[in-house]
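J.: Pasting a structure below so you can have a look.
The values are calculated or read from the model by the stated rules, or taken from the named source; none is laboratory data. Quick caveat: nothing in here was measured; it's all calculated off a predicted structure. No Cβ is skipped: glycine too gets one built from the backbone with ideal geometry, and neighbour counts run over all protein chains shown.
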Amino acid sequence: MFVSTKQMLLDAQAGHYAVGAFNIENLEFVMAVIKAAEERRSPVILQTTPGTVKYANLGLFTAMVREAANEASVPVALHLDHGDGFDRCIQAARAGYTSVMIDGSHVPFEDNIALTASVTQFAGPIDLPVEAELGKVGGKEDDGPAVKGENPYTDPDEAVEFVERTHCTSLAVGVGTAHGVYKGIPHIEQGVLKAIRSRVDVPLVLHGTSGVPDDQVAEAIQNGICKVNYATELRQAFTGAFMKYMTEHPENFDPKKPSIPGMQAITDVVASHMDNLGSSYKA
């Protein structure tokens, strides 16, 4: 089933679980993630970054995901992750994406509001969900700018004003996570998250979750997180299994053969996260 993220996240919010949003890079990632969703009977969000759609365009990803979703028996949404401007979000919507994110977290507060509102004004009449970001999720997302030396936390008072003025349908918040590979053990500031949740009604989103301990993620869900993003872990799982096969079979030249263990590695990672997020057997 090819669906929007809107009801999916509202159901998660009401049920006190979260839906996993898994970054896809190619056909193998699409098949592997949906296989896990089918096995776990879980709703799922597949998402692409601007860097990924520069590699293979929005229309190609829409066609792959729509076809796979229409054959699936669980709800599948296609989301633009870290939309890098108004034009990119509009292109994704016209290509058939069922949800978009506009990332204005790198610009001043008022500019972020203006940018986000420009997208929601377009998206509202066509009932397209819009995720926004307020605060700083550290590290480096795909080929975007690195975030260093800035206050990483979302201000709860600013969150209230931001949601009221932009009409975003979900909000990614800065609570101590970072994109990419962690050098130490990350720590989610649950107190900040609780404060935001107490003031804001829209579903909250956690970015930079690859490598965050499961118990911290589970606690964050109880404190209001409804969507959890994973990217780095999937890339590591696929590439590691692919390379292991090629090391053991250096004579191989058929890319499908190492892709099979690569896909299974992704499926295993995704299924494990669905269990921790509480979305298993919710579809």
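J.: Between a residue in region 97-112 that is without any contact (Cβ under 8 Å) to a residue 12 or more places away in the chain and any residue that is surrounded by fewer than 24 Cβ atoms within 10 Å (Cβ to Cβ) and part of a helix (DSSP H, G or I), which pairs come within a Cβ distance under 8 Å, given they are 6 or more apart or on different chains?
T.: Hits for this filter: Val107/Leu115.
J.: Checking Gly20 against (1) part of a helix (DSSP H, G or I); (2) in contact with a Phe, Trp or Tyr (Cβ under 9 Å, 6 or more places away or on another chain), only one condition comes out false. Which one?
T.: (1)
J.: Only one of these conditions is not met by Met246: (1) at pLDDT 95 or above; (2) touching a Pro at 6+ places or on another chain (Cβ under 9 Å); (3) outside any helix (DSSP H, G or I); (4) surrounded by fewer than 16 Cβ atoms within 10 Å (Cβ to Cβ). Which number is it?
T.: Answer for Met246: the failing condition is (3).
J.: Please pick out the residue among Ala114, Ala123 that is at pLDDT 95 or above, surrounded by fewer than 22 Cβ atoms within 10 Å (Cβ to Cβ), in a helix (DSSP H, G or I) and out of contact with any helix residue (DSSP H, G or I) (no Cβ under 8 Å at 6 or more places or on another chain).
T.: From the options Ala114, Ala123, the qualifying one is Ala114.
J.: Regarding Pro258, is this residue of a type outside the set (A, V, I, L, M) and without any contact (Cβ under 8 Å) to a residue 60 or more places away in the chain?
T.: Here the answer is yes, as Pro258 does meet what is asked.
J.: Return the only residue of Ser42, Ser73 being in contact with a Lys or Arg (Cβ under 7 Å, 6 or more places away or on another chain) and closer than 21 Å to Met263 by Cβ.
T.: So the residue among Ser42, Ser73 that is in contact with a Lys or Arg (Cβ under 7 Å, 6 or more places away or on another chain) and closer than 21 Å to Met263 by Cβ is Ser42.
J.: Another question, if that's okay. With the requirement that a residue be aliphatic (A, V, I, L, M) and in contact with a Phe, Trp or Tyr (Cβ under 7 Å, 6 or more places away or on another chain), what does region 75-104 give you?
T.: Once the filter is applied, which keeps residues that are aliphatic (A, V, I, L, M) and in contact with a Phe, Trp or Tyr (Cβ under 7 Å, 6 or more places away or on another chain), region 75-104 yields Val76, Leu78, Leu80, Ile90.
For (1) more than 26 Å from Gln7 (Cα to Cα); (2) in contact (Cβ under 8 Å) with a residue 12 or more places away in the chain, each residue gets a yes or a no:
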| site | (1), (2) |
| --- | --- |
| Leu193 | no, yes |
| Arg197 | no, yes |
| Val205 | no, yes |
| Gly211 | yes, yes |
| Ala218 | no, yes |
| Cys226 | no, yes |
| Thr247 | yes, no |
| Gly262 | yes, yes |
| Asn276 | no, yes |
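J.: If you don't mind, another one. Restricting to region 1-48, give me the number of residues that are of a type in the set (S, T, N, Q) and surrounded by 23 or more Cβ atoms within 10 Å (Cβ to Cβ).
T.: 5
J.: Would you mind telling me which numbered condition in (1) surrounded by 17 or more Cβ atoms within 10 Å (Cβ to Cβ); (2) out of contact with any strand residue (DSSP E or B) (no Cβ under 7 Å at 6 or more places or on another chain); (3) modelled with pLDDT of 95 or more Ser73 fails?
T.: Among (1) surrounded by 17 or more Cβ atoms within 10 Å (Cβ to Cβ); (2) out of contact with any strand residue (DSSP E or B) (no Cβ under 7 Å at 6 or more places or on another chain); (3) modelled with pLDDT of 95 or more, the lone unmet condition for Ser73 is (1).
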